[in-house]
Structure formats: structure tokens, C-alpha cells
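Before any comments, here is the structure.
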Number of protein chains: 2
Amino acid sequence: MSTHGGPLTETYDDGALLERAAHLDASDPLARCRGLFIGTDTDLSYLDGNSLGRPLKRTVNDISAFIQDGWGGRLIRGWDEEWLELPQAIGDQLGRAVLGAAPGQTVIADSTTVVLYKLIRAALAAVTDPARTEIVLDTENFPTDRYLVEGIAREEGLTLRWIDADPAAGVTPEQVKEATGPSTAVVLLSHVAYRSGFLADLPAITDVAHSAGALVVWDLCHSAGSVEIDLDGAGVDFAAGCTYKYLNGGPGSPAFAYVNSRHLPTLRQPVWGWMGRKDAFEMAAGYEPAPGIRGFLSGTPAIFGMLAMRGTLDLIEGTGMAAIRAKSLDLTAYAVDLFEAWLEPLGVQLSSPREPERRGSHITLDHPAFRNVTAALWEQDVIPDFRAPQGIRIGLSPLSTSFAELYRGMAAVRDLLRP
Amino acid sequence: MSTHGGPLTETYDDGALLERAAHLDASDPLARCRGLFIGTDTDLSYLDGNSLGRPLKRTVNDISAFIQDGWGGRLIRGWDEEWLELPQAIGDQLGRAVLGAAPGQTVIADSTTVVLYKLIRAALAAVTDPARTEIVLDTENFPTDRYLVEGIAREEGLTLRWIDADPAAGVTPEQVKEATGPSTAVVLLSHVAYRSGFLADLPAITDVAHSAGALVVWDLCHSAGSVEIDLDGAGVDFAAGCTYKYLNGGPGSPAFAYVNSRHLPTLRQPVWGWMGRKDAFEMAAGYEPAPGIRGFLSGTPAIFGMLAMRGTLDLIEGTGMAAIRAKSLDLTAYAVDLFEAWLEPLGVQLSSPREPERRGSHITLDHPAFRNVTAALWEQDVIPDFRAPQGIRIGLSPLSTSFAELYRGMAAVRDLLRP
């Protein structure tokens, strides 16, 4: 055992691990993307792109130009010339680049919470069988999803049926099969679990839920931009997600909503606003929803918040999601290797699947010291996030994270845990 | 009568009107503010600050610095360090500078439509008397307000009672008195009517509604930042408004919500999200609202969209709302003078109150040719907005509009209407 800050044991070889990072970076077909992001030329190790993605460098110029020339120059004319269509135009781009959604089914709007509220209420409105009184979800679903359906169940007189999910994994098709049946109205699940990073089998679960006669709402917050998604192919009913994680839209950028085209003709969401009305600027009496996905809109679209994500969508259209997923798998595999070499011997637990194909783009590590460790890491510009009671999430954003950066960050965790 | 583009009649004197603009600009105590806004050194005449305010020049720097150093540099740490508190911090500043609201009652969130949905649902939840089954509103209320309560009434099994408002004015306390009674649950009105610019008597109407045992929700979209408001003083229950008009927050910047402190202990809004939960980052099971106005939040706050409005709030704290209101009165009075001199003889109608103290900061003019006239005006960088079927709104933003700019714009309207 070393007393001068060197390795604790000789069961691993730091040199080989570092060399592997260099090799992975050198052979990474997406390596050129990293330099497009602000701050990637520093020693900061950012391991939380699963929570808030880094800004692209072009975002500063895009937004400055927008303030000066768009907002400042076109002024109110901008609404007619471009902005009114942005929720659908960017929605369609997102559908094409990321979601596997044909045009006309995706829109940018509100926050994830509000979008989920509107989608779930819309889904429930589409359920005609009065015997279907249950909303199925799992205990590892993201907090806002859980809170939201508690509120909806209360106001609609429905029951929540909880799937007891493995905290280190997530929900299986078998569990969904067991939980659904003639009482199920809606199933709400996360595609990638926010804590464990478990990647649910979206097509199989969607099929299982449909076999039970239920509608499915998928929360794609932790999967959009990190794993390949084919909503149309899987026949998903509804989906929502945020754009500030792997899509780099900036803190609090608006969410997206997907409504499968088969539900659009009868879509009825509860927040009736002017932007979702047919012929909005006639400002006529009486609400009549705009046809198609437009009818999902309520208030004035957050144009500012939509601008940054366009840069990332352009980038993804260039690289393709397959390359992003491939790098994500390499990143999480390398993170697990570092964990096994350095952290497992120090008593850290991996609370994520060991099988790469069952993971999204982050892993969670548990250790009783991690609340304090996270604070110390942040001080030294190593930035994972902390999830109570004792988890650190290592989030790896394929477009901006390098293997060397991951090495540095994990080494800092190791150094802080050493006795 | 002139045939070379000069005045049509001799009943007014262009020279004197122009001289008056110069005099008003020269003696305007807020004149120094105009130069702080982008584009005010051009000949463009912007008469639509009531719809979308101009950006401050500092906004470019503020937002570039935020992307580079805040989002890009602090990354996820920014939430802990500052951003999580921004909805309340900026809400309090707005309350202090603009709304007459003591701290802890105002928050920035969502869109106006979503905020109104949550407020009205919260107001209805606070009504315990089952005989109160009516929502009172007026026919000149803003479209999103009208559509929204249609939807809410439908889902809650309530009735809408419509006050038939004068399209060239708005709702009087007498009309509200007549419309309210033991059946009234909630009254929803606009402080300044979006079309006529009529300034409702907020304190008197609030008293009348309270006397009938009803709760009042005020839509302040067209008054926040243009007229003096004292929500606490008037004992208003709930209020909402947007921040992209006189507060210059940018297209689609988030809305604000005001909940009087007496309602906060029992506040129950329907969209239960993680940001409104007690100890949000514990991510614990079961929703329990955060105490106070924080419990009104649902999803992740739109940080980007909040940054621009801070510049205007700082400015307003320097000038005070009294000076802004005084200039607004001068601006609309001068606009009415120009109308009388130039446009009334051409068959244009003023669809706004003649008495200055009954107006907000815009007026509406009607003429059958105005749809086409607006398109032609926009081409020549004179920018009012058009409201079907035949209205032009002349919106005057006291911090950024000059009298000379107003003169130029109204002259362009005149020139396009001339035979």
C-alpha cells in the first residue's frame, strides 16, 4: 500500500487504464464533436450531461444574433415569419433525428411536468371503458412523474398501481404484464431510469401494455439523445421528455411531447390556450382545438429556450443516433471498468446494470461517503451529481464527454475515498 | 387640399405636432432609458411593446455571459448556487418593483396560460360552498383566458357567466356587481383589456367580487410594467401575467403568478411536480407541497427565459412605476391627438377610452383597410399589430418609446390611408 497518494493495491494498472482512455479517444469517431462545446478545453471533468448538457459554442452566437437581429430587429414580425412554427419545426427535427417519429407528431412546449400532465390527462380522456381505473407506474420512476400521477389520480378518482422496481435496475416486460389488465387505463414508465440508468425494453413493454388494452406514456428524459428510439416503430401512444440533458437546450429549456398520429384526431388535452386553438390570431369566441399536434399547445412558446437545442439537433442529424449509442456504450463500459479497478475495492457499489445493452448513458455508484465526496469533487471541478441517500451519478454525454475526462473524474472520486 | 403628399386639410398643423413631439421628448425624464434598448437608434417605429417588448442592449451581454460562465462554467452546480431560487428571487423583485406585492407571494413559472390554469384550479379548490358553481368573466377578456375557463368549466361541471363588455372599453364595477352573487366561485378579468386598452378599476372590482363572496383572479398581462399596481393593497386573491410585453423578457419568456399570502397555507394547485415539492432533491416518495409560493411550481424553471426580464426590473426599480405611468399617459394622450388630427378625418375610429386615466399604455384604432395597411407598415419598419377584424393597436412602452417615434409611426398610418 502506498503512502504517497499512489495506488492502494496492485490489482490494477493505472497506466494501462489511462492508455485505454487515450486509445478510445483517438479512435472515437465522435471525438471532433467535443471541441464544439464550451469548456471542453479545460481540465474540468463533467460527468453530469445526463442532468444538464453542456452548451455548444455556437449557442452564444446563435442566441446573441437572435437577440440582436431576430427579437431586436424583426420584433413582433418574428412571430409571423418564423417563431409561431418553431414548436412544430423543431419538434419534427427532434422526431426525425432522435425519436423515430414521422413529422406532425412531436412538439416543443412547456416543461416535462406540464407536458406529462397534459399527455396523461389526454390519455385518460381517450380511455372509454369505465372499468379502466388504474394508472400503472413504478417506484423507480422519476419523482415528478410519480408526484404528477398522484395528483391526477386524486382529481380523477383513479388508483395508482405501483410496480416494485429493482432500484439497481428497472421495470421488465414481465412486471408490466403482471401489473396490467382490464383495470389498466394508462401505463407511465421511464425509458431510462433516472437513478440506475436501466434501459427499459420499450417495444416489448409497449406491446405488453397494448395487449392488456392500456395506453402507454413513455418518459424519455434520460434517453432522448443518448439511446436509439423508434416511437413510431414501437407503436408508442404518447411520450414526453426534456431537452436540457443530452439535447443541450440549457437549464429549463422546454420539453417535448409526442402524440402518435392515430390519437391526434381525437386528442383532447385539458389546458385550452390560444396557441392550441384553430386560427389562433382570429381570437374568436369559443375554443376549438387546432388540428393535429398543434392542438397540444397551450401558451406562448418559449422561443428563447428553443434556440439552443437546435444546434445539438443539427449535430445529431450529422452523426446519427447509432454512432452516439455506440460511443455511449463504450463510455459506460469504460466507467464500469474504472469502477471495478478503483472503486469496488473501496466499498463502492454499482447500482446500475452490468450488461451494457441494459444501460442508458449513465451509471450510479453508491457509497455512504458520497454526499460529502460530491461537495469536494465540485470544488475541484469534477462534476457528477448526487442522489440521496448515497448515490453519485456518472453521466456520459456521447457528443461532449471524452474518455480522458471520465478517467480524470473517476480518479478524483477514488482519491477522495482513499483512507 | 394638397396634391403633393402634404396635409389633406388645414384643420391641423403638422409642424406644431412635430414640435410637440420634440418638446415631449426633450422634457421626458425617462428619455435616457430609450437608448438602453436595441434598435432605438434607427428610424424603425415600434408601436407594439404591448405585445413584445424590445430587448435591452445589456441582454446580449447578460445572456452571453450566462451561457459562457453560468451554464457553461458552473454547469449543474448553477442550480444549487443560484438558479433554483430564481423563480422566487425574480418573482419577489417583480412584486416589489411592479406589482405592489410583498415578498413570498410571486413566482416566475410556465406560460400565462398554464399559470392561469393552475391559479383558477387552485382558486376553485379553495371554494368550499357547493352552491358557487359559476366562473364570471367578460367577452373582451384575452382569448387564452376565455378558452382556458371553457375547458376548466367543462371538466369541473361549472357554468360560465359572461359579462358583455363594451369592446371600446371594458368591465365596470357595476357590471361585476350585477354578475356576481351567491353562485359565483371565481371572477377572472383582465386589468388592461388587450384590445381597447381599457384600464379596469381593479380595487373597486376586487371589493365588489369579495362582497359577493367570490375569489378574484386578475390577468395583468397588459398592465404589468405599464400602470401602477397594488395587489396587496387591493387585497387581490390571485394574479397572473406575462413578462414579454412591458417587462421585455423576450418571446415566450415565462409568466408570473401571484398568490395572496392568506391563500398560501391552503394552496393546492393541480400540476404536482418535483420543483413544487418540499425538499425537492430528496426525491422521496409521495407529493407534499413546498410551503408558500414555492408549492405553485411544477417543472424545471426556464432559467434562460428569466434572465432578460431582470434587466428591465432593475431599470424599473430605478425609475419607479409612477414615472412610467406618467409617461404612458403622455404617450397615449399624444397618440390620441395625432389620431384626432390625422386619422379621424380619414374615417378611423378610436376603440379605446378618450379619458387618459381609463387607459393602459396602448390604444386601438379601427378601419376597414387596416389588415392591408398593417402589412404595408411592417414592410416599412413601422410596427403596430393587427387585431381582427380591422383593428390596429398602437402600443407605447414608456421605457423605450419616444414621442418622435410615435409621430413617425402615426404619420405612416396616415400616409397609407390617404386616398
Computed [θ] at 222 nm, deg cm²/dmol, chain B (DSSP H ≥ 4; -39,500 (n - 2.57); rounded to nearest 500):
-10500 deg cm²/dmol
Inter-copy label distances at A:Ala26 (7 Å, Cα→Cβ; nm, one decimal)
7.6
Would you please give the residues with an amide H less than 5 Å from that of A:Ser261, counting only those at least 5 places away or on a separate chain, with H modeled from the backbone geometry?
none
Applying the gyration tensor rule to the Cα atoms of segment A:82-317 (axes a ≥ b ≥ c; rounded if a/c under 1.5, else prolate if a/b exceeds b/c, else oblate), the class is oblate
Measure of size requested: the Rg and Dmax of the protein assembly as shown, with Cα atoms as the atom set and Å as the unit; please supply both.
28.1, 103
State, to one decimal in nm and shortest first, how far the label point of A:Asn61 sits from each corresponding label point in the other identical copies (label point: 7 angstrom along Cα-to-Cβ).
2.3
DSSP beta bridges in the protein assembly as shown: the antiparallel percent, rounded to 5, is 50 percent
Dividing the convex hull volume of the alpha carbon atoms of segment B:30-90 by its residue count, what do you get in Å³ per residue?
128 Å³
Placing the label point 7 Å from Cα along the Cα-to-Cβ direction, what are the distances from A:Glu228 to the equivalent spots in the other copies, shortest first, in nm to one decimal?
6.6
For the pair A:Arg154 and A:Glu344, what calculated FRET efficiency results from E = 1/(1 + (r/R0)^6), where r is the Cβ-Cβ distance and R0 = 51 Å, to the nearest 0.05?
0.70
Where does each of B:Asp145, B:Asp314 land when they are ranked from fewest to most other beta-carbon atoms within 10 angstrom?
B:Asp314, B:Asp145
The residues A:Asp166, B:Asp13, sorted from fewest to most surrounding Cβ atoms within 10 Å, come out as B:Asp13, A:Asp166
Which percentage, to the nearest 5, of the DSSP beta bridges contained in segment A:82-317 is antiparallel?
35 percent
Listing A:Tyr246, A:Tyr147, A:Tyr334 from the residue with the fewest other Cβ atoms within 10 Å to the one with the most, what is the order?
A:Tyr334, A:Tyr147, A:Tyr246
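Of all the Cα-Cα pairs you can form in segment B:376-419, what percent are over 17 Å apart?
Values: 302 of 946 pairs.
Percentage above 17 Å: 32.
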Segment A:310-374, Kirkwood Rh and Cα Rg, ratio Rg/Rh at 1.11
If the limit is 26 Å between Cα atoms, which of A:Lys278/B:Lys118; A:Lys118/A:Lys278; A:Lys118/A:Lys245 go over it?
none
Could you pull out every residue, at least 5 positions away or on a different chain, whose amide H is within less than 5 Å of the one on A:Arg277? Hs are placed 1.01 Å off N in the peptide plane, and Pro or chain starts have none.
A:Ala290
Could you work out, residue by residue across A:103-112, how many beta carbons of other chains sit within 10 Å of that residue's beta carbon, and then give the average as an integer?
3
Using just the C-alpha positions of segment B:89-200 as equal point scatterers, what log10 of I(q)/I(0) does the Debye formula give at each q in 0.09, 0.18, 0.19, 0.22 1/Å?
-0.26, -1.02, -1.10, -1.27
A student applying the Cα gyration tensor rule (rounded when a/c is under 1.5; otherwise prolate if a/b is larger than b/c, oblate if not) would label chain A oblate
What percent antiparallel are the DSSP beta bridges of chain A, to the nearest 5?
50 percent
Per the C-alpha gyration tensor (a ≥ b ≥ c, the square roots of its eigenvalues), segment B:254-312 is rounded if a/c is under 1.5, else prolate if a/b beats b/c, else oblate; here it's oblate
Under 5 Å between amide H atoms, partner at least 5 residues away or on a different chain: which partners does B:Ser45 have, H built in plane at 1.01 Å?
B:Val382, B:Ile383
List the pair-distance distribution P(r) of segment A:287-419, using every Cα-Cα distance, as the percent of pairs falling in each 5 Å bin from 0 up to the bin containing the longest distance, rounded to whole percents.
2, 9, 16, 17, 14, 11, 10, 8, 6, 4, 2, 1, 0, 0
log₁₀ I(q)/I(0) of segment B:124-258 at q = 0.13, 0.17 Å⁻¹, via Debye over equal Cα point scatterers, no solvent, to two decimals?
-0.51, -0.88
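Read-outs: derived from the displayed coordinates by stated rules, not from any lab. Fair warning: this is a prediction, and the values are worked out from it, not measured in the lab. Neighbour counts run over all protein chains shown; Cβ positions are idealised from the backbone, glycine included.
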